[in-house]
1. Starting from the Cα-Cα distance between LYS36 and GLU98, subtract it from 0.36 nm times their residue separation and give me the gain in nm to one decimal.
2. Under unit Cβ charges (Lys, Arg +1; Asp, Glu -1), what dipole magnitude, rounded to 20 debye, does the stretch 1-78 have relative to its Cα centre?
3. Given a 10 angstrom Cα cut-off, can you work out which residue in VAL52, VAL114, VAL65 is the most mobile in a GNM of the chain?
4. Which order results if PHE19, PHE58, PHE75 are arranged by neighbouring Cβ count within 10 Å, fewest first?
5. Amide H neighbours of ALA115 under 5 Å, at least 5 residues apart or on other chains, H built in the peptide plane: list them.
6. For TYR26, what residues show an amide H to amide H distance below 5 Å, using hydrogens built from the backbone and excluding near sequence neighbours?
7. Once you've got the GNM for the chain with C-alpha springs shorter than 10 Å, pick whichever of VAL89, VAL117, VAL35 has the biggest mean-square fluctuation.
8. Based on Cα positions only, what radius of gyration and what Dmax would you give for the chain, in angstroms?
Amino acid sequence: MATIQIAFDAADPHALARFWAQALRYEVEDHSAVVKGLLAAGHLPPDEAIEVDGRTAFRDVATCVDPAGRGPRVFVQRVPEPKTAKNRVHLDLQVGAEAAPGEVERLTLLGAEVAWVTSDRGPVTTTMRDIEGNEFCVS
């Protein structure tokens, strides 16, 4: 059986991983031991590591995970180009009709923005954009 990892391209992988960790109630993964080990062994050039939130981290990669171990890991990698078109794949955060307005408000406070609201396929769905413009839905 395969496991699923969701991968995002980003200008700032650490900020986007932090956003999705908060949005999904995940935890940012701590890679400091791995990064320090790779640096010490000479397998990672010093310019490929940075300090983030007091920890040594990969410069171009950040991840977050479900603390309960049920949801997929989120992998965020730096890319040189900005997002230029609509996502071909997006996340649907299904929280239920009663909880959706509060979840939209919480995500807005985290830095997401509402793109549009529709009910063309049944339940009211709010399409939002994360801090780098990636669309996702809340219903």
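We did not get these values from a lab; they are worked out from the coordinates using the rules stated. From a predicted model like this one, the values you see are computed outputs, not experimental measurements. Backbone-built Cβ (ideal geometry, glycine too); neighbour counts: all protein chains shown.
1. On the way: separation 62, 0.36 × 62 = 22.32 nm, distance 4.56 nm.
Between LYS36 and GLU98, full extension yields an extra 17.8 nm.
2. That gives the stretch 1-78 a dipole magnitude of about 220 debye.
3. Highest fluctuation among the options: VAL52.
4. The order, fewest Cβ neighbours first, is PHE75, PHE58, PHE19.
5. Amide H to amide H, under 5 Å and 5 or more residues apart or across chains, ALA115 pairs with THR127, MET128, ARG129.
6. none
7. Answer for the Gaussian network model of the chain: VAL89.
8. Values for the chain (Cα only, Rg and Dmax): 16.7, 56 Å.
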